[in-house]
Structure formats: C-alpha cells, structure tokens
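As structure tokens, the structure follows; a few thoughts come after it.
The values are calculated or read from the model by the stated rules, or taken from the named source; none is laboratory data. Just so you know, these numbers come straight off a predicted model, no measurement behind them. Cβ placement follows ideal geometry from the backbone for every residue including glycine, while neighbour counts extend to all protein chains displayed. All accessible areas refer to the heavy atoms of the entire protein, side chains included, with ligands and DNA or RNA removed. Shrake-Rupley method; radii C 1.70, N 1.55, O 1.52, S 1.80 Å.
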Amino acid sequence: MPDSPLLTVTWTDHLTGHQGHLVVDRLVRGVSSGGLRMRAGCTLEEVAGLARGMSMKESLHYRPGARYIPLGGAKGGIDCDPRDPEAYGVLVRYLRAVRPYVESFWTTGEDLGLTQDLVDKAVAEAGLLSCVQAVYPLLDDETAARQRLADAFAVRVDGIGLDELVGGCGVAESALVALDRAGLPYEGTRLSVQGLGTMGGATARFLARAGLKVVAVADVRGTIANPDGLDVEALLAARDAYGAVDRTVLRPGDRQLPGDAWLSVDAEILVPAAVSYAIDADGQERISARWIVEAANMPVLPEAERLLVERGITVLPDVVVNSGTNAWWWWTLFGDIGPDADEAFAYTRRALRDLVTATLDRAIADGTTPRVAAHALAAERQSEITRRFGQYR
C-alpha cells in the first residue's frame with residue numbers, strides 16, 4: 001500500500017475563515033469511501049491519517065465472491081465546532097467546493113460531529129444527488145440498490161435507526177471475541193466507554209444486553225460512574241443530538257466525575273468512542289483495563305500504545321473494530337444483505353468476529369500487535385484487489 005495519498009485538498013471558507021480538508025488515499029475501480037467529520041481543531045494531518053485508515057478498513061472486508069468489492073479510502077474534515085451557529089453554512093459551502101470530487105470519486109457520510117440526516121440535508125442544498133453518488137456506476141441495478149439502502153435507513157429498532165446501531169454492533173462483537181478467547185464470562189465483565197454518541201451509545205447498548213456491566217460513560221460534560229453498573233438505557237434515552245446526557249436522570253448511586261475519569265475506573269474493557277488522540281503516553285499510565293477496543297478513529301497515540309503493550313494491555317485497532325458501519329452501507333447497497341435489522345446484525349457480527357479472529361491469530365503467529373497484524377492483512381488483501389482490478393492512481 002502506498003505511503004503518499006492520491007489527492008490532498010485544503011479549502012478555506014471565504015465567509016468565516018474555517019478550513020476544510022479532503023484526502024483521497026487511493027481509488028479502487030475509480031472510487032473511494034470515507035466519512036466527513038466536523039470538529040474544532042481538525043487538521044490535514046488528522047484527515048490524512050483517517051483516509052489511510054479507510055483504505056485499510058475497506059480492504060479488510062474483501063471477500064472474493066461477494067457482491068461488495070471494497071473501494072479505496074478517503075476522508076473529509078472541517079475545522080469548526082458543530083455547535084457553532086455558523087457550522088451548517090460552513091458545511092454546505094464545503095460540500096459545494098468539493099462537489100466535483102463527490103460527483104466523481106469520493107463517497108462520504110456522517111462522521112464525528114455530524115449526523116447522516118444533517119449530511120443529507122447539506123448535500124441536497126449543495127446541489128448533489130447523493131453523498132454516495134460516485135459509486136452508482138458500479139452498481140448492477142442502481143434503482144434497486146438505492147431503494148434497498150433507503151429502505152435500510154428507514155428501519156428502526158426500539159426507536160433507533162438501524163444505521164445508528166450496526167457500527168456499535170460490530171464494536172461490541174469485537175469485544176466479545178476478546179472475552180471468548182480469554183475464556184471470560186460476559187456476565188459481570190466491566191466496561192467503560194468514552195463517548196455516548198452513535199458509536200459509543202450503540203456499543204454500550206449491545207454489550208450491556210450481552211451481560212457486561214457498564215460502570216462508566218464519559219461525554220462532553222464529564223464522566224458518569226457507578227461500580228454497581230449504570231442504567232444504560234436510561235442514559236441513552238437522555239442524550240441530546242451530540243451524545244451529552246441530561247444529568248437529571250442519574251440515580252442516587254451514580255457519581256459525576258471529571259471528564260478523563262473514564263480512563264482509570266476499574267474495568268476490564270475500555271472503549272474510546274469519541275475523539276481521536278484520546279489516550280496519550282501520560283493518560284495510559286492510569287489504565288488498568290485488560291483490553292482497549294477502539295470504537296473511535298485513532299484514539300490511542302502510537303507511543304501510548306507501545307507503553308500499553310509493554311504493560312500487557314491489548315489494543316484492538318480501529319481499522320478492524322469500527323469498520324462495521326462503513327461496510328454495512330456497501331453490503332446493503334451492493335446487495336449482500338437486504339434492508340432487515342436481524343440480517344444486518346447477523347452479517348455484521350459474523351464479519352467482525354471473523355476479522356477480529358484473523359487479526360488476533362495473525363498477531364500471535366507473527367509475534368506482533370493486533371494493529372500491526374491488521375495492517376499486514378489489509379496490505380495483503382489490497383494487493384489481491386489490485387491484481388484483480390488494477391491500480392487506480
């Protein structure tokens with residue numbers, strides 16, 4: 001896999017001065033895939049790293065014989081607080097600026113700071129047909145495929161959109177694989193989650209229903225903790241659009257702690273599911289968990305991971321763990337699965353269980369970390385894709 005991206009774009013909004021970035025890491029069959037995030041402080045370096053990760057996420061889901069052929073990797077990012085009153089206007093103007101790329105070879109969707117509904121609204125206002133229209137020429141039956149995806153987005157489970165749940169289903173399954181391999185029961189295993197948005201919230205929900213005890217969750221207002229376990233469903237029901245929990249729903253035993261307290265609570269599993277770079281070399285010293293399951297993109301800095309590994313803590317990497325949402329879009333659009341929740345969850349669980357197992361087996365065989373093993377698997381599968389479809393660079 002090449003080290004340099006295919007395309008790098010930096011845009012400056014003429015009205016506010018906010019900057020946005022687009023990095024296309026590679027193309028497969030002329031198309032790339034990767035979400036659009038919005039957060040204050042988003043940098044070109046961050047977006048480039050995310051685009052590189054998307055290339056790996058895509059290639060890791062390559063299965064000869066499947067209808068979905070993984071795409072290349074890309075990512076968009078806007079340096080703006082999504083709560084800023086000017087944020088939506090910035091989003092629309094960014095999409096207008098990058099419209100030729102979305103029309104031609106960049107398929108995108110929601111990421112940190114944005115919801116799919118908001119992205120879809122801005123995409124329409126920017127004059128685009130769809131945020132994934134670049135992939136339409138690759139479909140066997142565009143009309144049927146688009147209807148299948150629209151039907152899938154209309155599916156709700158307990159009042160929550162299926163699209164908001166499949167990613168967390170994959171993260172949860174990744175954690176369960178680790179417990180299964182260690183021979184540990186689900187019941188009573190303790191979990192701490194940073195971020196209660198789409199990914200973190202769904203992960204907490206699936207793992208709590210599997211029997212794990214969620215002892216801490218963190219949002220922008222701080223950490224909520226209870227060693228006896230939190231009422232996950234009540235917290236999820238009390239979230240705002242950005243994943244912040246209304247503290248009036250807390251029970252007498254629930255404690256309010258500083259925002260970084262989620263790192264040091266007594267738990268077997270930590271799930272960083274919010275911002276990138278959440279765990280640095282200093283922060284890792286506070287962690288006593290056995291596993292870190294990366295629901296967010298790039299949450300553990302490399303030096304922190306090296307120190308964690310030295311202490312016997314396993315990091316399940318983002319390119320594997322949180323790849324379910326992206327893959328679900330394409331499984332559905334290309335027709336590997338239909339617009340059905342049970343089918344989507346079953347397919348996601350099976351795919352992530354197979355991928356996590358392959359990653360951990362490879363790490364043991366090579367005497368390396370799960371991240372290095374995942375990167376090796378991605379490189380091998382990317383080579384297979386290139387041999388089959390050629391190199392679009």
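Fully extending the segment from Val249 to Asp354 would add 34.0 nm, taking 0.36 nm per residue of separation and subtracting the current Cα-Cα distance. Does segment 1-158 classify as rounded, prolate or oblate by the C-alpha gyration tensor (a ≥ b ≥ c root eigenvalues; a/c under 1.5 gives rounded; else a/b over b/c gives prolate, otherwise oblate)? Oblate, because a/c is 1.5 or more while a/b does not exceed b/c.
What you get for the chain, charging only the Cβ of Lys and Arg (+1) and of Asp and Glu (-1), is a dipole of about 580 debye around the Cα centre.
With θ taken as phi - 60° and the Karplus curve 6.51 cos²θ - 1.76 cosθ + 1.60 applied, the whole-hertz 3J(HN,Hα) list for segment 200-214 is x, x, 5, 4, 4, 5, 5, 6, 5, 6, 7, x, 6, 9, 7 Hz, x standing for glycine and proline. Since only Leu301, Ala351, Ala238 are under comparison, the one whose Cα sits farthest along the positive direction of the charge dipole of the chain, derived from C-beta charges on Lys, Arg, Asp and Glu, is Ala351.
Give me the net charge for the shell around Thr189: Cβ to Cβ below 11 angstrom, other residues only, Lys and Arg +1, Asp and Glu -1. Value of the local net charge: +1. Set against the 2.2 N^0.38 Å expectation for a compact globular protein, segment 79-141 has a Cα radius of gyration ratio of 1.14.
For Gly73, neighbours were defined as the other residues whose beta-carbon sits under 12 Å from its Cβ, and their charges (Lys and Arg +1, Asp and Glu -1) total +2. Stokes-Einstein diffusion of segment 202-275 at 25 °C, 0.890 mPa s viscosity, Kirkwood radius from Cα pairs, rounded to a whole number: 198 µm²/s. Rounded is the label for segment 257-313. Its Cα gyration tensor axes, ordered a ≥ b ≥ c, give a/c under 1.5. Calculated on C-alpha atoms, the gyration radius of segment 280-320 divided by its Kirkwood radius gives an Rg/Rh of 0.91.
Helix 324-334 and the longest principal axis of the Cα set of the chain meet at an angle near 40°. Shown here: the chain, whose C-alpha atoms stretch 53, 51, 40 Å along the first, second and third principal axes, sorted largest to smallest. Here, segment 7-64 yields an orientationally averaged convex hull projection of 4.6 nm² when only Cα atoms define the hull. In segment 76-221, inverting the average of 1/r over every pair of distinct C-alpha atoms gives 17.6 Å as the Kirkwood radius.
Backbone geometry of segment 32-38 corresponds, through the Karplus equation with coefficients 6.51, -1.76 and 1.60 at θ = phi - 60°, to 3J(HN,Hα) couplings of 10, 9, x, x, 10, 10, 9 Hz, x marking Gly and Pro. Compute the long axis of helix 166-182 from its Cα atoms, compare it with the longest principal axis of the Cα atoms of the chain, and write down the angle in degrees, 0 to 90, nearest 10. For helix 166-182, the angle is close to 50 degrees.
Within segment 24-48, list the residues whose amide N lies under 13 Å from a label point set 7 Å along Cα→Cβ of Thr8. Residues 24-25, 43-48 fall inside that zone. For Lys57, the lysines whose Cα falls under 27 Å of its own Cα, not counting residues fewer than eight places away in the same chain, are Lys75, Lys121. Here segment 1-129 is treated with +1 on each Lys and Arg Cβ and -1 on each Asp and Glu Cβ, and its dipole about the Cα centre works out to around 520 debye.
Residue-wise HN-Hα couplings along segment 289-306, as the Karplus relation 6.51 cos²θ - 1.76 cosθ + 1.60 with θ = phi - 60° gives them from phi, are 5, 8, 9, 10, 10, 7, 6, 7, 8, 6, x, 9, 5, x, 5, 5, 5, 4 Hz; Gly and Pro carry x. Taken over the alpha carbons of segment 115-166 as equal point scatterers, the Debye sum produces base-10 log I(q)/I(0) values at 0.13, 0.19 Å⁻¹ of -0.38, -0.77. Residues whose amide H lies under 5 Å from that of Ser32, counting only those 5 or more places away or on a different chain, are Gly72, Trp106, Thr107; hydrogens are built 1.01 Å from N in the peptide plane. The alpha-carbon positions of segment 297-340 define a convex hull whose volume is 81 Å³ per residue.
In this rough spin-label picture, where each label sits 7 Å from Cα along the Cβ direction, the Arg388-Glu45 distance is 3.6 nm.
Seen from all directions on average, segment 276-351 presents a Cα convex hull projection of 5.8 nm². Taking the DSSP bridge list for the chain and keeping only pairs wholly inside it, about 50 percent are antiparallel. Per residue, the average separation of C-alpha pairs within less than 8 Å and at least 6 apart gives segment 263-354 a relative contact order of 23 percent.
For Val315, the residues 5 or more places off, or on other chains, whose built amide H falls under 5 Å of its own are Ile292. Toward the positive end of the charge dipole of segment 1-131, with +1 on the Cβ of Lys and Arg and -1 on the Cβ of Asp and Glu, the farthest Cα among Trp106, Met38, Cys80 is that of Trp106. Among Val157, Val293, Val47, the largest mean-square fluctuation in a Gaussian network model of the chain (Cα springs under 10 Å) belongs to Val157. Relative to the globular-protein estimate of 2.2 N^0.38 Å, the Cα radius of gyration of segment 254-393 stands at 1.20. When both bridge partners sit in segment 1-154, DSSP labels roughly 55% of those beta bridges antiparallel. Taking the longest Cα principal axis of the chain as reference, the axis of helix 142-154 is set at about 20 degrees. Length gained on full extension, Thr16 to Ser104: 28.9 nm, using 0.36 nm per residue less the C-alpha separation. Shape class for segment 24-109, computed from the alpha carbon gyration tensor (a ≥ b ≥ c): prolate, with a/c not under 1.5 and a/b above b/c.
Accessible surface of the chain, 1.4 Å probe: 49 percent of it comes from carbon and sulfur atoms.
Among the trypsin sites (Lys or Arg not before Pro) within segment 218-308, those in coil by DSSP and having at most 14 neighbouring Cβ atoms inside 10 Å are Arg221.
Taking all protein chains into account, the per residue accessible area for the chain stands at 39 Å² (1.4 Å probe).
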